[in-house]
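Enquirer: Here it is, the structure, as structure tokens.
The values are calculated or read from the model by the stated rules, or taken from the named source; none is laboratory data. Treat the numbers as computed from the prediction; the structure is a model and nothing was measured. Backbone-built Cβ (ideal geometry, glycine too); neighbour counts: all protein chains shown.
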Amino acid sequence: MTESQLSQRYAAYIDCLNRQDWPALGQFVHDDVHYNDQRIGLDGYRRMLEQDFQQIPDLRFTVELLVADAQRVASRLAFTCTPVGTFMGLPVNGRTVHFTENVFYQFRDGRIERVWSVIDKAAIEGQLLAD
């Protein structure tokens, strides 16, 4: 794929997530996907995302920065959301928080095969302490 095609493919993937169109997820994510170097497969990836949306009913992925080459995407995602209860081990309990995620993807045959994600947990902690 060209850089432009991969960027468009990634935008369609983000749209799929925001619509919670789980049956379409396999169009974008490889059956043998790895997340932070652990093989979780497409079913595990879907379960992880479904759990994210259960914990954060207003979850929305917003792309702030996107860099792509022929096989990889690097993205900075921004979130403003209201997790219920505990999120990432933190007692958010319905407060609105703002944070980012730096995430890197490797594609194979037009689908995501590997994901490396780093969420800015310190930003969430700082907001909870400020309240």
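Enquirer: Which number in (1) without any contact (Cβ under 8 Å) to a residue 40 or more places away in the chain; (2) in contact with a strand residue (DSSP E or B) (Cβ under 7 Å, 6 or more places away or on another chain); (3) more than 26 Å from Leu129 (Cβ to Cβ); (4) in a strand (DSSP E or B) marks the one condition that Arg76 misses?
Expert: (3)
Enquirer: Next question, about the same structure. Could you tell me how many of the residues in the range 10-39 are assigned to a strand (DSSP E or B), surrounded by 12 or more Cβ atoms within 10 Å (Cβ to Cβ) and either of a type in the set (Asp, Glu) or without any contact (Cβ under 8 Å) to a residue 40 or more places away in the chain (or both)?
Expert: 1
Enquirer: Can you name the number of the only condition in (1) surrounded by 12 or more Cβ atoms within 10 Å (Cβ to Cβ); (2) in a loop (DSSP other than H, G, I, E, B); (3) at negative phi that Ala70 fails?
Expert: (1)
Enquirer: Does Val103 count as surrounded by 13 or more Cβ atoms within 10 Å (Cβ to Cβ), touching a Phe, Trp or Tyr at 6+ places or on another chain (Cβ under 8 Å) and farther than 21 Å from Pro23 by Cβ?
Expert: When the stated conditions are applied, Val103 passes them.
Enquirer: Further question: Residue by residue through the range 107-130, note down the ones that are assigned to a strand (DSSP E or B) and either at pLDDT below 95 or loosely packed, with under 15 Cβ neighbours inside 10 Å (or both).
Expert: Arg108, Trp116, Ser117, Val118, Ile119
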